[in-house]
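Okay, structure first, notes after.
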Amino acid sequence: MSAGDRRKQAVTSHDVARAAGVSRASVSRAFAADGNISPKLRSHVLQVAQDIGYSVNQIARGLNRQRSDLVGIIASRLDNPHRSAQVEALTKGIVAKGLRPLLFCIERNEPVDRILGLLLDYQVSGVIITSGSPDETIVERCAAHEVPLILVDRPNTDWERVDHVTGDNVAGGRMVAQALQEKGRSHITVVRPKRITHAMSERVDSLMATCGELDIAVETILMDGSDYNAALYSVSHWLTTQNAPARDGSTALFVPNDISALGALDALRAAGLAVPQDIGLMGYDDIAQAAWVGTSLSTVRQDPDSIAAEVLALLARRIETPDSPPTTIRIPVTLQLRSTH
């Protein structure tokens, strides 16, 4: 029988053991990350398995031992470059630790409970949620199954066995206000979504509080979403009203995420305003597009790799010590001052 014919059949660990001249227990140890087997024998078994087309059924294996190597990620708005970079960093980090990411994309504001319940059926080793907040009952189910749950950029809770990781949005909002004051801006217009996320709300609240301390006037423009088009429309409309800013450099816009800030920037330029001479602009996140030559957006950087590293460290700790106290980690942010503020 040719190798191609063998691959068309269901190749089992029994076949690998026979072809490699070892026991089935040795095959199992060869595929286990912590298996007690010599490097030479492991290499031999894995090479034979590859030659005859064998692969481990990880889901079945996880069910047999009451825990799989899967780590669930629940996310939304992957059209936002910051969110997609965050998910990419998480998935790469999970794979680097010998685990396997299982990604579920949900609609914005969609309840996560159904997906979280499904992940528990897969005997996952942990769950990371970057969008939506779970109901307390589903969190209790995670605790009962000793499944670690990490919430990213979500409101803090006092739930047991639930950890939180977020960028330091309070520091970020304060940095924006201070940077704009140093540029001589005496008035800041905040462009924010009507339905604002927890993270963006922290940024805006911190900026407004700091503006109060610095005696900077603040007003707010609401937009229908948190994307490019929503900001483009809202800022374009604002510029045609009687509340339009003076073109004397006294005003700056703050948009609490970069993808919307790019829409605001195009609206300002389309209206004939010179940025930053006539009006300043700052975003938040430091997506890749913010550094493009034609954009050069001043913003606040959140590092996806740092966030992912802390999430995975908490996940590992929670797996090792399930009853450890809940932890909240705020990742430091930094100013990225370019050409628009």
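So which of THR295, THR321, THR327 ends up being over 21 Å from the mean Cα position of the chain (by Cα), within 30 Å of ASP158 (Cα to Cα) and among the β-branched types (Val, Ile, Thr)?
Going through THR295, THR321, THR327 in turn, just one is over 21 Å from the mean Cα position of the chain (by Cα), within 30 Å of ASP158 (Cα to Cα) and among the β-branched types (Val, Ile, Thr): THR321.
Scanning region 8-67 for residues that are open to solvent by 50 Å² or more (accessible area, probe 1.4 Å) and acidic (Asp, Glu), which turns out modelled with the highest pLDDT?
Here the answer is ASP51.
Name the single residue, out of those in region 284-307 being open to solvent by 10 Å² or more (accessible area, probe 1.4 Å), of a type in the set (Ser, Thr, Tyr) and part of a loop (DSSP other than H, G, I, E, B), that is farthest from ILE331 (Cα to Cα).
For region 284-307, the residue satisfying everything is THR295.
I need a count of the residues in region 212-240 that are surrounded by 19 or more Cβ atoms within 10 Å (Cβ to Cβ) and over 25 Å from ASN156 (Cα atoms).
Adding up the residues that qualify gives 9.
Mind checking which residues of region 182-197 are part of a strand (DSSP E or B) and crowded, with 20+ Cβ neighbours inside 10 Å?
Hits for region 182-197 are ILE188, THR189, VAL190, VAL191, ARG192, PRO193.
How many of the residues in region 308-337 are open to solvent by less than 70 Å² (accessible area, probe 1.4 Å), under 29 Å from GLU182 (Cα atoms) and not in a strand (DSSP E or B)?
1
Quick one: in region 245-273, of everything that is touching a Lys or Arg at 6+ places or on another chain (Cβ under 8 Å) and more than 15 Å from ALA179 (Cβ to Cβ), which residue is surrounded by the fewest Cβ atoms within 10 Å (Cβ to Cβ)?
SER250
Across region 16-55, which residue is nearest to GLY98 (Cα to Cα) among those that are part of a helix (DSSP H, G or I) and touching a Leu at 6+ places or on another chain (Cβ under 8 Å)?
It comes out as PHE31.
State all residues of region 198-211 that are touching a strand residue (DSSP E or B) at 6+ places or on another chain (Cβ under 9 Å), open to solvent by less than 50 Å² (accessible area, probe 1.4 Å) and not β-branched (Val, Ile, Thr); if no residue qualifies, say none.
Answer for region 198-211, where residues must be touching a strand residue (DSSP E or B) at 6+ places or on another chain (Cβ under 9 Å), open to solvent by less than 50 Å² (accessible area, probe 1.4 Å) and not β-branched (Val, Ile, Thr): ALA199, MET200, SER201, GLU202, ARG203, LEU207, CYS211.
Which residue pairs have Cβ atoms under 7 Å apart, sit 6 or more places apart or on different chains, and have a first residue in region 277-293 that is on the phi > 0 side of the Ramachandran plot and a second that is surrounded by 14 or more Cβ atoms within 10 Å (Cβ to Cβ) and assigned to a loop (DSSP other than H, G, I, E, B)?
ASP285/ASN257; ASP285/GLN302; ASP286/GLN302
Do we find a residue being among the β-branched types (Val, Ile, Thr), surrounded by fewer than 19 Cβ atoms within 10 Å (Cβ to Cβ) and touching an Asp or Glu at 6+ places or on another chain (Cβ under 8 Å) anywhere in region 164-172?
yes
Give the number of residues within region 97-114 that are open to solvent by 90 Å² or more (accessible area, probe 1.4 Å) and within 15 Å of ALA308 (Cα to Cα).
Looking only at that region, the number is 2.
Answer yes or no as to whether GLU146 is in contact (Cβ under 8 Å) with a residue 12 or more places away in the chain and open to solvent by 10 Å² or more (accessible area, probe 1.4 Å). So that I can check it myself, show each step before the final result.
On the way: in contact (Cβ under 8 Å) with a residue 12 or more places away in the chain: yes; open to solvent by 10 Å² or more (accessible area, probe 1.4 Å): yes.
Yes; evaluated as a whole, the condition is true for this residue.
The values are calculated or read from the model by the stated rules, or taken from the named source; none is laboratory data. Model, not experiment: these values are computed from the prediction. Heads up, the Cβs are rebuilt from the backbone with ideal geometry, glycines too, and the neighbour counts pull from every protein chain shown. Note: accessible area is taken over every heavy atom of the protein model, side chains too, but ligands, DNA and RNA are not part of it. Shrake-Rupley method; radii C 1.70, N 1.55, O 1.52, S 1.80 Å.
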